Amino acid sequence: MFFNEIKPFARFPRELVISESSSFCEVFPIDARFFYVCEGNGKLYMDGKTVELHRGGAILINSGVPYRIIPANVKFLAINFDWTQEFCGNNIPIPPLPYKSGRELCSFESITFGDIKELNRYACCKNAFFLEKALKEMIDRYEKKRIYYQLENDAQMILVLAEFVRQLAVCKTNYFDADAVADYLQSHYNEEITNKKIAEIFHFHPNYISSDFKRIFGKPLHRYLLELRITKAIGLLETGRYSVEAVAEAVGYSDSNYFSRYFKKITGKTPKTYIKSLYQVYSS
């Protein structure tokens with residue numbers, strides 16, 4: 001099979017919370033598994049070695065590949081899925097089977113890819129932050145089960161897998177993925193962010209982060225983050241529900257004076273002046 005032939009069936013999207021006191025045996029998955037770490041750090045054991053996943057990391061395990069979750073304080077966004085629609089009639093969650101070496105077990109599918117061989121057993125992506133929103137949307141659809149939710153989730157599963165595979169290619173070439181960095185900033189703009197932190201997360205040299213980011217987005221990383229924070233702040237100020245101090249904290253500034261200075265640098269007005277101008281517009 002080739003990757004562009006997939007027609008995935010997203011059988012079971014859910015949150016999976018693991019603690020250090022949990023206990024797991026080695027299991028045999030009947031369908032394929034996708035795990036994304038949204039909180040904490042996760043560990044899985046397969047093929048005789050331990051695979052560690054930090055915040056934002058993801059792993060895809062093909063059906064029929066035994067694995068064991070190692071107890072740790074971690075929250076996964078997880079999806080059990082098939083590569084094709086052949087078994088879509090089995091639409092209830094299917095737990096993995098306990099596995100013992102030498103025991104003969106069968107999965108739904110036995111898919112082997114001719115073009116992306118990493119998918120034939122398991123593949124890891126350290127920087128999959130760009131998938132978090134899509135995975136959460138799939139989980140929400142599955143839980144609410146509105147009409148056509150399955151069709152929507154199957155379509156989104158194609159996008160999730162395509163983006164995952166694209167990132168695998170990026171990792172192999174050691175190419176700096178500015179889009180992935182931008183996705184991370186969009187989700188974490190209210191946290192403390194430095195070039196050093198971004199370099200550690202994306203495994204790239206900190207001296208080149210900003211210049212390589214500018215090559216793609218036309219502005220250095222710190223300028224992009226500044227403008228993003230101010231844009232988010234404007235949206236909060238326009239609601240009229242928050243003080244300047246509360247907005248500053250919400251977009252990542254512990255000091256409202258620094259926030260006001262940067263706000264004026266971008267908009268030409270202080271936050272308070274901006275609020276007054278809004279009142280004038282709304283009252284006219």
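Just so you know, all these numbers are worked out from the coordinates, no wet-lab data involved. Every value quoted in this text rests on a predicted model; they were computed, and no experiment measured them. A quick note on method: Cβ atoms are made from the backbone with ideal geometry, for glycine too, and the neighbour counts reach across all protein chains shown.
Tabulate in residue order the Karplus-calculated ³J(HN,Hα) for region 52-66, using 6.51 cos²θ - 1.76 cosθ + 1.60 with θ = phi - 60°, rounded to whole Hz; enter x for Gly and Pro.
9, 10, 9, 3, x, x, 9, 9, 10, 10, 6, 4, x, 9, x
If amide H atoms are built 1.01 Å from N in the plane of the peptide, which residues on other chains or at least 5 residues away come under 5 Å of the amide H of E109?
Hits under the 5 Å cutoff: none.
Let me know the charge dipole size of region 3-173 about its Cα centre in debye, to the nearest 20, where only the beta-carbon of Lys, Arg (+1) and Asp, Glu (-1) is charged.
Numbers: 22 positive and 21 negative charges, 61 e Å.
With only Lys, Arg, Asp and Glu charged at Cβ, the dipole is about 300 debye.
Along the charge dipole of the chain, Cβ charges K/R +1 and D/E -1, which of M1, L135, S256 sits furthest on the positive end?
S256
Under a 10 Å cutoff between Cα atoms, tell me which one of R141, R14, R215 has the largest fluctuation in the Gaussian network model of the chain.
Maximum fluctuation in the GNM of the chain, among the listed residues, is at R215.
Can you pull the one-decimal nm distance between simple spin-label points at E227 and N73, each 7 Å off the Cα toward Cβ?
Taking the simple label geometry, E227 and N73 are separated by 3.9 nm.
Non-local amide H neighbours of S22 (under 5 Å, H modeled in plane, Pro and chain starts lacking H): which ones?
A72
Taking 0.36 nm per residue of sequence separation and subtracting the Cα-Cα distance, how much length would be gained by fully extending the chain between K196 and C88, in nm to one decimal?
Values: separation 108, 0.36 × 108 = 38.88 nm, distance 4.55 nm.
Result: 34.3 nm gained on full extension.
For K75, give me every one of the lysines with a C-alpha distance below 19 angstrom, ignoring sequence neighbours fewer than eight places off in its own chain.
K43, K126, K133, K136
Report the chymotrypsin sites (Phe, Trp or Tyr not before Pro) located in region 50-152 that are in a DSSP loop and have at most 11 other Cβ atoms inside 10 Å of their Cβ, or state none.
Loop-located and lightly packed - Y148.
So what's the gap between the Cα centers of region 20-39 and region 247-273, to the nearest angstrom?
A separation of 43 Å, based on Cα centres.
Could you derive backbone 3J(HN,Hα) for region 147-152 from the dihedral phi with the Karplus parameters 6.51, -1.76 and 1.60 (θ = phi - 60°), listing whole Hz in sequence and x where the residue is Gly or Pro?
Once θ is set to phi - 60°, the couplings for region 147-152 become 4, 6, 4, 5, 4, 5 Hz.
Quote to one decimal, in nm, the extra length available between I266 and M46 on full extension: 0.36 nm per residue of separation minus the C-alpha distance between them. Show your work: numbers first, answer last.
Values: separation 220, 0.36 × 220 = 79.20 nm, distance 5.03 nm.
Fully extending the segment from I266 to M46 adds 74.2 nm.
Toward the positive end of the charge dipole of the chain, about the Cα centre and with charges on Cβ (Lys, Arg +1; Asp, Glu -1), which of C38, S23, A58 goes farthest?
Among C38, S23, A58, the one farthest towards the positive end of the dipole of the chain is C38.
Dipole of the chain (Lys/Arg Cβ +1, Asp/Glu Cβ -1, origin at the Cα centre): which of G235, A123, T267 lies farthest to the positive side?
Of the listed residues, the answer is T267.
Apply the Karplus parameterisation 6.51 cos²θ - 1.76 cosθ + 1.60, with θ equal to phi minus 60°, to every residue of region 260-268 and state each ³J(HN,Hα) to the nearest whole Hz, in sequence, with x for glycine and proline.
Rounded to whole hertz, the list is 4, 5, 6, 4, 5, 4, 8, 9, x.
Please enumerate, by chain and number, the lysines with C-alpha under 17 Å from the C-alpha of K269, excluding those fewer than 8 residues away in the same chain.
Here the lysines satisfying the reach criterion relative to K269 are K232.
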